[in-house]
Amino acid sequence: MLFSSIVFLFYFFPSILIIYYALNTHRLAQNIFLFVASMIFYAWVGIKFLLLLLCSIIINYLLGLLIEYIKKTRIKKLTLIIGITVNILYLGYFKYTYFILNSIDGSGWLAAQIPGIILPVGISFYTFQAISYLIDIYRKDCPAQKNPLYTGLCIALFTNVTSGPIMRYTQIEKQLTFRPESLRMFSAGLCRFCKGLAKKLLLANNMGIVADHIFQMNQAGTIPMTLALLGSISYTLQILFDFASYSDMAIGLGYMFGFKIPENFNYPYIAKTVTEFWRRWHITLGDWFKTYVYFPLGGSRVNSTDTLVRNLLIVWVLTGIWHGANWTFILWGLLNFVCITVEKLFNLTQMSTRRGNFFLHVYMTIEILCSWTLFRAESLTLAGRYFSSLCGSGGFYSSYALMFLREFGIYYLLCFIFLLPISRRFNSIFIANIFPKQQSWYMISYPLIMIGLFLISLIFIIKGTYSPFIYFKF
Amino acid sequence: MIKKIFRLRIYTAIILLILLYSFSIVNAITQFPTIQQNFIIDAANNTEPNFFIRTQTYIKRLNYHINNNFYSRYTFVELYGAWQRLLNKKEENNFEVIMDNEGQAHYEYFGKNGHVDPALAKRVANLKKSLPTKTQVIAIIPPEKDIPNYTRFEQGLPFGYYNERATNYIHELQQKNIAAFDIRKSLTQSSIKPADIFFKTDHHWRVTTAFFAYQHLAHYLQTNYNFPINQAYLDKENWNFLTYKNAFLGSMGRKTGRYYLGTVDDITLIFPKFNTNYEMLMEYNKDTVLHPKGRFEEALLSYVPFQNNLDQFNPYYDKYSSYLSGDYALAHIVK
């Protein structure tokens, strides 16, 4: 079930909202209801996948209790290691089996011996939430849940089970029993949800149309440089608005049910370094790797540069692998590793001169376009072909590029405007009351714009426009 | 000021909730009977023994019926078309429909050239081989909606090279000594204006164009194969031409809505004045068998699409399908 579907918007969401607030006096009943609703939400994608999710919840619930119950440190640690291994094997089996087998045997014979592995939706997200659950119990940051339904909520709350944001156990544990629903929070959540919906349908989907066509053309042969460049830019915009919009909708929904879900994006394309970029992009994933991988390895506070580089390499290879079962993702992870390591070793993050900033922005533009091109390519061969197209091997001029710009120009313009923190600036100007005479304009235009965006989004949804969700593949 | 902003958000949220619940309630009340009915039919046909597959099929079908049964759905389709028109876009919904500079709608794709699979001509040659020597095999090449020297697209729009493909196909046929009757050539010499060859909102040629093709095909058979033709059957005076103004929203129009294309087509029904007696047998499925008999307009024309107040967006009421009641795998017509 997608957030931007008729089933969710007009049937599922209105129903659960009413029932949830009808159970307002009884927190346990509300939580049980949320759990059931989350399972129905997930089952819509596939009943088999729901069974797998339930198995994951039960196993992690039992492991959590075991970890808390065991007092001997060595056995406690062993149980944790077993728990993490079980989760990783679970993820690895569904996500990486075919990749591993095809990497061993390029002809595909080995992979053909194991038919029928379908990747469950959101497995990478909820498995990481499950691992976080076990580790936080082990570290005694939070107690294990005695109620398995609560464990289920920690791992698979419907707002973020399919595409994040990834919530660590410590971030959700207290909210299960205490979350102050308020009208302010609810209304902020609903407005945020509508913004996310509009971003997805108007911006992400239209950029996706262009990107998908261009990358498909690249499959048949090299394409002109202008077209390849436009394809990279389009995908760069698509992935931001697609993922950020989903996070907006998830956070907005969370607010409506009283949950404070952590922010996942903070205008990443204004970053000056890759290090800064990853503090603004998929923040919860970076946070997860930092908390459970990087810091336990020693982080940046290590004695030798070799250890620092090793730690970064481990984190970025794992980040690449997490994103997908393809050598392109591993290479993408390595590219990020190289950039971050160079930035750390040469202190690029400290550069603050005007000229320095300009070069950093140029560097980041090239790095972002190259890394997302690699990320999007279906294989290393196609990635290589795409890069050669970017270098001009397929010629320069393309009438298709002009056509895409002409047909989707308005959407490109909006994308470039909204990838900058303009709305945040607007809000802070009005909060500071810098233009008191224009206050009434803001008071009138805000609701009109939100209602307009909502109605336009409805038109796109009901028409049934092209609507891929990139991060659904994870 | 912060309090004002929060209050503003609360008022906005209330309006949004009212809108959301209004759509939700109206939709549930008006569409539930249809969704329920369709789901019951699907459930009865779902005889899959595997529980998981059966359940998954139920969910998929329910999802499908919910998505396709939305109150006033086609109003939203029209509004989407209007939005695209406002942005002056020549493509609609991921290039599903392309508009040319003359305002005609097309189905196109990102073709590279007019390459045609040689297997197609080979199949026709095999058909010819399998028939008695006296039987003539003629390939009829209908016109394409991309009309040479008339149809113009904005630069860069996808183009299927249909005419080039047809020309290459004729060349392949000629190499295999198969005759081809190219209606495109005849049309260039006719009085039919390029704008009137095809419907604006549909991918089919107009009924009047089909009638012209019928006349010229008869003439071609008579000239090249001494096929006996009664000239009275080709005379326009012996046929009824019944035009319904602004009555037909074609396949592309149903996808884009009227506002995008800015028009609805006229449609002309053509049926003979002279005596005719036909019997047609068509099996849509075991439960749907059509067996009309009588004059041309009784047996071969369906009036269902022309009944009043029928949903123009519903493909079952496509007026073009009044001829032979639409597309069937096999229709047996006896004169």
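The values are calculated or read from the model by the stated rules, or taken from the named source; none is laboratory data. What you see is a predicted model; the values in this text were computed from it and never measured. Methodologically, a virtual Cβ is constructed for each residue, glycine included, from the backbone with ideal geometry; neighbour enumeration extends over all protein chains shown. Side chains included, ligands, DNA and RNA excluded: accessible areas come from the protein's heavy atoms. Shrake-Rupley method; radii C 1.70, N 1.55, O 1.52, S 1.80 Å.
Does A:PHE435 satisfy the condition of being away from chain B (no Cβ under 12 Å) and either surrounded by 12 or more Cβ atoms within 10 Å (Cβ to Cβ) or not hydroxyl-bearing (Ser, Thr, Tyr) (or both)?
Values: away from chain B (no Cβ under 12 Å): no; either surrounded by 12 or more Cβ atoms within 10 Å (Cβ to Cβ) or not hydroxyl-bearing (Ser, Thr, Tyr) (or both): yes.
No; evaluated as a whole, the condition is false for this residue.
Between a residue in the range A:391-411 that is closer than 13 Å to A:ASN218 by Cα and any residue that is open to solvent by 30 Å² or more (accessible area, probe 1.4 Å) and in a loop (DSSP other than H, G, I, E, B), which pairs come within a Cβ distance under 6 Å, given they are 6 or more apart or on different chains?
Pairs that qualify, where the first residue is closer than 13 Å to A:ASN218 by Cα and the partner is open to solvent by 30 Å² or more (accessible area, probe 1.4 Å) and in a loop (DSSP other than H, G, I, E, B), are A:SER393/A:THR222; A:GLY394/A:THR222.
Among the residues of the range B:106-128, is any part of a helix (DSSP H, G or I), within 10 Å of another protein chain (Cβ to nearest Cβ), open to solvent by 30 Å² or more (accessible area, probe 1.4 Å) and touching a residue at least 40 places away in the same chain (Cβ under 8 Å)?
Within the range B:106-128 (the criterion being part of a helix (DSSP H, G or I), within 10 Å of another protein chain (Cβ to nearest Cβ), open to solvent by 30 Å² or more (accessible area, probe 1.4 Å) and touching a residue at least 40 places away in the same chain (Cβ under 8 Å)), the answer is no, since none of the residues qualifies.
For the range A:395-413, how many residues meet the condition of being more than 7 Å from chain B (Cβ to nearest Cβ) and in contact with a Leu (Cβ under 8 Å, 6 or more places away or on another chain)?
Counting residues in the range A:395-413 that are more than 7 Å from chain B (Cβ to nearest Cβ) and in contact with a Leu (Cβ under 8 Å, 6 or more places away or on another chain) gives 6.
Within the range A:388-407, track down each residue that is open to solvent by less than 30 Å² (accessible area, probe 1.4 Å), of a type in the set (Gly, Ala, Ser) and in a helix (DSSP H, G or I).
Scanning the range A:388-407 gives A:SER389, A:ALA401.
Taking the condition at pLDDT below 90 and within 10 Å of another protein chain (Cβ to nearest Cβ), does B:ASN69 pass? Step through it out loud before you land on a result.
Numbers: at pLDDT below 90: yes; within 10 Å of another protein chain (Cβ to nearest Cβ): yes.
Against the criterion (at pLDDT below 90 and within 10 Å of another protein chain (Cβ to nearest Cβ)), B:ASN69 qualifies.
Return the only residue of A:PHE35, A:PHE10 being assigned to a helix (DSSP H, G or I), aromatic (Phe, Trp, Tyr), more than 22 Å from A:TRP322 (Cβ to Cβ) and over 24 Å from the mean Cα position of the chain (by Cα).
On the way: A:PHE35 fails: over 24 Å from the mean Cα position of the chain (by Cα).
Checking each option against the conditions leaves just A:PHE10.
One residue is enough: does the range B:83-95 have a residue meeting the conditions in contact (Cβ under 8 Å) with a residue 24 or more places away in the chain, part of a helix (DSSP H, G or I) and within 14 Å of another protein chain (Cβ to nearest Cβ)? Before you say what the answer is, go through the steps one by one.
Step one: list which residues in the range B:83-95 are in contact (Cβ under 8 Å) with a residue 24 or more places away in the chain, which gives B:84-85, B:90-93, B:95.
Okay, now just the ones that are also part of a helix (DSSP H, G or I), so B:84-85.
Narrowing further to those that are within 14 Å of another protein chain (Cβ to nearest Cβ): B:84-85.
Scanning the range B:83-95 turns up at least one residue that is in contact (Cβ under 8 Å) with a residue 24 or more places away in the chain, part of a helix (DSSP H, G or I) and within 14 Å of another protein chain (Cβ to nearest Cβ).
Quick check on A:GLY208: is it open to solvent by less than 10 Å² (accessible area, probe 1.4 Å), closer than 11 Å to A:GLY254 by Cβ, within 13 Å of another protein chain (Cβ to nearest Cβ) and not basic (Lys, Arg)? Talk me through it step by step, then tell me what you get.
Numbers: open to solvent by less than 10 Å² (accessible area, probe 1.4 Å): yes; closer than 11 Å to A:GLY254 by Cβ: no; within 13 Å of another protein chain (Cβ to nearest Cβ): yes; not basic (Lys, Arg): yes.
Considered against the rule, which asks whether it is open to solvent by less than 10 Å² (accessible area, probe 1.4 Å), closer than 11 Å to A:GLY254 by Cβ, within 13 Å of another protein chain (Cβ to nearest Cβ) and not basic (Lys, Arg), A:GLY208 comes out as no.
Go through (1) over 24 Å from A:LYS272 (Cβ atoms); (2) open to solvent by less than 60 Å² (accessible area, probe 1.4 Å); (3) among the small types (Gly, Ala, Ser); (4) within 14 Å of chain B (Cβ to nearest Cβ) one by one and return the number of the condition A:ALA377 breaks.
For A:ALA377, the exception is condition (4).
Taking into account only those residues within the range A:180-198 that are open to solvent by 10 Å² or more (accessible area, probe 1.4 Å), more than 7 Å from chain B (Cβ to nearest Cβ) and farther than 13 Å from A:LEU455 by Cα, which is nearest to the chain's Cα centre (by Cα)?
Applying the first criterion (open to solvent by 10 Å² or more (accessible area, probe 1.4 Å)) to the range A:180-198 yields A:180-186, A:188, A:192, A:195.
Narrowing the set further to residues that are more than 7 Å from chain B (Cβ to nearest Cβ) leaves A:180-182, A:185, A:192, A:195.
This time we only want the ones that are farther than 13 Å from A:LEU455 by Cα, so: A:180-182, A:185, A:192.
Working: A:PRO180: 26, A:GLU181: 25, A:SER182: 27, A:MET185: 23, A:ARG192: 17 Å.
So, considering only residues that are open to solvent by 10 Å² or more (accessible area, probe 1.4 Å), more than 7 Å from chain B (Cβ to nearest Cβ) and farther than 13 Å from A:LEU455 by Cα, the one nearest to the chain's Cα centre (by Cα) is A:ARG192.
Please identify the pairs in which a residue from the range A:443-468 that is more than 8 Å from chain B (Cβ to nearest Cβ) has its Cβ atom under 6 Å from the Cβ atom of a residue that is open to solvent by 40 Å² or more (accessible area, probe 1.4 Å), counting only partners at least 6 apart or on another chain.
none
Helices (runs of 4 or more DSSP H) wholly in the range A:41-160 with at least 1 residues that are open to solvent by 60 Å² or more (accessible area, probe 1.4 Å) and more than 14 Å from every other protein chain (Cβ to nearest Cβ) - which ones?
Filter on the range A:41-160 gives A:47-69, A:73-104, A:109-112.
Condition test on B:THR75, is it open to solvent by 30 Å² or more (accessible area, probe 1.4 Å), within 30 Å of A:ASP212 (Cα to Cα) and either free of Cβ contacts under 8 Å to residues at least 24 places away in the same chain or at the interface with chain A (Cβ under 10 Å from one of its Cβ atoms) (or both)? Lay out the reasoning, then the answer.
On the way: open to solvent by 30 Å² or more (accessible area, probe 1.4 Å): yes; within 30 Å of A:ASP212 (Cα to Cα): yes; either free of Cβ contacts under 8 Å to residues at least 24 places away in the same chain or at the interface with chain A (Cβ under 10 Å from one of its Cβ atoms) (or both): yes.
The answer is yes for B:THR75.
So, B:ASN101, is that one part of a loop (DSSP other than H, G, I, E, B), closer than 30 Å to B:GLN189 by Cβ and open to solvent by 40 Å² or more (accessible area, probe 1.4 Å) or not?
yes
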